[in-house]
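As structure tokens, the structure follows; a few thoughts come after it.
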Amino acid sequence: MSDKKKIPAGPVVSRRQVLLGGTMAGFAAFLAACGTGGTGATSEPSASEGGSVEPSATAAAGATPSAEVNWANWTYYMDVDPNDPTKFPTLEKFTDEFGTKVNYSEVIEGNDEFFGTIKPQLEAGQDTGWDIVTLTDWMAARLIRLGWVEQFNVDNMANFVANIKETYKGTDWDGEMQYHAPWQSGMTGLGYDVDTTGELTSLAAFFTPDPRWKGKTEYLTEMRDTIGLTMLSLGLDPAQPTIDACDKAVAKLEEAQAAGIVRDVKGNSYAEDLKSGDAVLAMAWSGDMVQALVDKPSLRFRIADEGGMLWTDNSLIPKGAAHKGTAEMLLDFFYIPENAAAVEAYVNYICPVDGAAEAMIAIDPEIAKNPLIFPPEDILARLHIFGGLSEADEAYFNEQFAKILGVG
């Protein structure tokens, strides 16, 4: 199963490079294809939007900061000093303010792989050595379900409580957000080459043998995204992933494969196929498509009329963490809008913090207008979070999806 965060195959193109210079016109066209409709993608956020509290100058300080705190995260998920890639300015800001050294490690390359490194300690009731780990929704839900995550002391997290966006509340695995803090999110929707396919607005395209994209359509190896989009195309709710819904979605996917619509089922490499022309339509992740546009301006990303998927990598405090209070303070620190904005200036994903778009205006007004980073309400309203699965249902979904991957 593929994970969404990855080490890019080639040089990393920063969003700042995308937004500046000659690529700006193409990027504007790309954003228009997200379905924001006219001025929604280009209007500058006002100070009254978002509903956040006034940005706090400091993190909540209910705990006594420890000398160090240990954070395991994915690559390219933190703001970096342009003159020294080993330095993370916002983490250094936290150290300056609280005296805590942040041992920040980009060691997560896959949810299952990383889980395997901490599972023995968690099973034994031991400290994993990490105070914060950042994992995707389904793995976060699994750890919470197993009882291997510390409950937040919100006395240390006033900014988190005030500034988490409403979209993230109410999941069936941690509806009151007592155990997880969203770090970055992304959307899954239609990725296509408009010069070949024309404008597309419906998920039906993925299952239609149109000669323009028959045999040049790719699905994702991420089960929740591919089955989630297929459920939406069937009028089913991905937040309620029943066995019956799984069976119906897999049957529809198999029909499309049998009809010759599907070229392949891939992880992040689908973006390379879109750029080369080997594929012209794909289930796509928003972050990848920002990068792909740089090489091929005819590419588009859109949240379909039926909706799209919202996935999130979440920060958790493992059970028995040695520096729980400081970990809470650090997570809260990134829910101060100006700190969240500093991170968003260097990553290609959706910010979960209310007020960050307004704070971004002072850093880069163009990024503040980017609906792939700060989606407007009409896009957020069409996004769906895949529901939690029991261990038994997880096994069933994966077993059925293996048929689509060609290994079942």
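The values are calculated or read from the model by the stated rules, or taken from the named source; none is laboratory data. Just so you know, these numbers come straight off a predicted model, no measurement behind them. Glycine also receives a Cβ, built like all others from the backbone with ideal geometry; neighbour counts cover every protein chain displayed. Accessible surface is based on the protein model in full, side chains and every heavy atom, while ligands, DNA and RNA are left aside. Shrake-Rupley method; radii C 1.70, N 1.55, O 1.52, S 1.80 Å.
If the convex hull of the alpha-carbon atoms of the stretch 199-295 is projected onto planes in all directions, what is the mean projected area in square nanometres?
Details: hull surface 24.4 nm².
Spelled out: convex hull of the Cα atoms, projected over all directions, averaged, 6.1 nm².
Under a Cβ-only charge scheme (Lys and Arg +1, Asp and Glu -1), can you give me the dipole magnitude of the stretch 60-194 about the Cα centre, in debye to the nearest 20?
Working: 8 positive and 22 negative charges, 44 e Å.
Computed about the Cα centre, the dipole is about 220 debye.
Normalising the Debye intensity of the stretch 99-216 to I(0), with uniform scatterers on Cα atoms only, and taking log10 at q = 0.15 Å⁻¹ returns -0.85. Here the mean projected area of the convex hull built on the C-alpha positions of the stretch 167-213 is 5.1 nm². At what distance in nm do the modelled label points of LYS101 and ALA322 sit from each other, each positioned 7 Å from its Cα along Cα→Cβ? If labels sit at LYS101 and ALA322, their model points lie 1.2 nm apart.
Loop-resident GluC sites (Glu not before Pro) (DSSP state other than H, G, I, E or B) in the stretch 187-236 with no more than 15 further Cβ atoms inside 10 Å of their Cβ: GLU199.
What a 1.4 Å probe finds exposed on the stretch 165-222 is 48% carbon and sulfur by accessible area, rounded to a whole percent.
Taking θ as phi - 60° and the Karplus parameters 6.51, -1.76 and 1.60, the scalar couplings of the stretch 255-260 work out to 4, 5, 5, 5, 7, x Hz in sequence order, x denoting glycine and proline.
Between ASP155 and ALA395, 0.36 nm times their residue separation minus their Cα-Cα distance comes to what? All intermediate terms of the calculation are to be shown ahead of the outcome.
Values: separation 240, 0.36 × 240 = 86.40 nm, distance 3.79 nm.
Difference between extended and current length: 82.6 nm.
Summing charges over all other residues whose Cβ lies under 9 Å from the Cβ of ALA356, with Lys and Arg as +1 and Asp and Glu as -1, gives -4.
Taking only the C-alpha atoms, wrap a convex hull around the stretch 296-408 and report its volume per residue in Å³ as a whole number. Value for the stretch 296-408: 189 Å³ per residue.
Give LYS93/LYS319; LYS119/LYS216; LYS93/LYS324; LYS101/LYS275; LYS87/LYS296 a once-over and call out the pairs whose C-alpha atoms are over 30 Å from each other.
Values: LYS93/LYS319 27 Å; LYS119/LYS216 40 Å; LYS93/LYS324 20 Å; LYS101/LYS275 42 Å; LYS87/LYS296 32 Å.
With Cα atoms farther than 30 Å apart: LYS119/LYS216; LYS101/LYS275; LYS87/LYS296.
For LYS165, a cut-off of 13 angstrom between C-alpha atoms picks up these aspartates and glutamates, skipping any fewer than 8 places away in its own chain: GLU49, GLU176, ASP354, GLU377.
Using the Cα coordinates of the stretch 292-334, the gyration tensor eigenvalues translate into equivalent-ellipsoid semi-axes of 38, 15, 9 Å, sorted from longest to shortest. Net charge in the neighbourhood of ASP378 (other residues with Cβ under 13 Å of its Cβ; Lys, Arg +1, Asp, Glu -1) is 0. Comparing Cα centroids, the stretch 158-228 and the stretch 73-146 end up 24 angstrom apart.
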